[in-house]
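Here's the structure, in structure tokens; my notes come after.
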Amino acid sequence: MGRETTELPPYTDYNANQRSLRPGKCSESTARSIKRHIEKLIVARASNETVELHTAKWLAGIGSLLHNKLLRIGLVEPRKNDAGSERFSKVNRTPPEAP
């Protein structure tokens, strides 16, 4: 067993495209939990609704690496004061949000 890089099972994004994501080194149960949260983020984005409180709390607690992966696929907004998010904004040629 142990921790190894896990690829989440494929999921369908809000544009009906099949995607996969590698959250990094984590257990299989953690990967399943991440997938459930991603699915909730997709539903919230597709329906233009806010995410459930449980998912919002999870999102606030994830590290910058995973947050930036979710940012790159359009499921989250850049964090305030996060240098990594600003870097992704420049890479994707999206202007950073004004303060």
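Here are the numbers:
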item	result
Residue within the range 80-95 that is within 21 Å of residue 19 (Cα to Cα), modelled with pLDDT of 85 or more and part of a loop (DSSP other than H, G, I, E, B) present	no
Where a residue in the range 55-75 is within 15 Å of residue 39 (Cα to Cα) and its partner, wherever it lies, is in a loop (DSSP other than H, G, I, E, B) and of a type in the set (Phe, Trp, Tyr), with Cβ under 9 Å and at least six apart	74/14; 75/14
Single residue of the range 24-51 satisfying the filter (in a helix (DSSP H, G or I) and among the hydroxyl-bearing types (Ser, Thr, Tyr)) that is nearest to the chain's Cα centre (by Cα)	33
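The values are calculated or read from the model by the stated rules, or taken from the named source; none is laboratory data. If you're wondering where the values come from, they're calculated on a predicted model, not measured in any experiment. As a convention, Cβ positions derive from the backbone with ideal geometry for all residues, glycine included, and neighbour counts pool all protein chains shown.
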